[in-house]
Amino acid sequence: MPVVLDDEIKRTYEAIRAGDLTWAVFGYVGYRQLGVDHVGVDSDYEVFCGRLATDDAAARVVTNSFEVKVRFAYRRFEAEENGSERAKYALFRWSPAYTELREKAKLSSDKMNLQMVVLDWDAEVFASSMDDLAHAKVVAQLGN
């Protein structure tokens, strides 16, 4: 069964592109339904990472749920190119290192559906640990 996308995802994506929001985290809001978990207008990268990265093994044991731990996110970065500011965007996929292979396969197919709404980005970040989310690594992928 394919994942269902909440209409709010498109509105949130457009708000980030317009500069009204800085970031959004997308998660599972129901059985096989992706929705908006969190949004932010601040540029504090650590706050963003805290909302995206849900590496809580205790939550997994209690719920035994794929939907608890995996997330997607979209974030706007301000970059300086040739002396002027330019927006660059990253699409994130978070799945902790302990994510099972079949769950990673589901995540890949769900990402394809998300890409029907989230159309443009400069870098795609696959993260399974906080090290993968290091600001310097992400900025390097963006080419800043």
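Work out the length of the dipole vector of the chain about its Cα centre, built from +1 on the beta-carbon of each Lys and Arg and -1 on the beta-carbon of each Asp and Glu, and round it to the nearest 20 debye.
Numbers: 18 positive and 24 negative charges, 108 e Å.
About 520 debye.
P(r) tail for the chain: Cα pairs beyond 17 Å make up 59% of the total. Solvent exposure of the chain, expressed per residue, is 52 Å² of accessible area, with all protein chains present and a 1.4 angstrom probe. Placing a label point 7 Å from the Cα of M112 along the Cα-to-Cβ direction, the residues of region 1-44 with a backbone N closer than 16 Å are 1-5. Here the Karplus relation 6.51 cos²θ - 1.76 cosθ + 1.60, evaluated at θ = phi - 60°, turns the backbone of region 87-100 into coupling constants of 7, 10, 10, 10, 9, 10, 10, 9, 8, x, 4, 7, 4, 6 Hz, with x for every Gly and Pro. Each of E78 and A15 was given a label point 7 Å from its Cα along the Cα-to-Cβ line. The distance between the two points is 2.0 nm.
Listed by chain and number, the aspartates and glutamates whose alpha-carbon sits under 13 Å from that of K137, ignoring those within fewer than 8 places in the same chain, are E124.
Straight-line reach from K106: which lysines have a Cα under 16 Å away, not including same-chain ones fewer than 8 places off? Partners within reach: K69. Ligands, DNA and RNA left out, the accessible area of the chain computed with a 1.4 Å probe is 50% carbon and sulfur. When the helices of the chain are scored as -39500 (n - 2.57) per DSSP H run of n ≥ 4 and the total is divided over every residue, the value at 222 nm lands at -10500 deg cm²/dmol. Fraction of C-alpha pairs exceeding 18 angstrom in region 82-128: 41 percent, rounded to a whole number.
The values are calculated or read from the model by the stated rules, or taken from the named source; none is laboratory data. These numbers were taken from a predicted model, which means no experiment stands behind them. Glycine also receives a Cβ, built like all others from the backbone with ideal geometry; neighbour counts cover every protein chain displayed. For accessibility, only protein heavy atoms count, side chains too; no ligands or nucleic acids. Shrake-Rupley method; radii C 1.70, N 1.55, O 1.52, S 1.80 Å.
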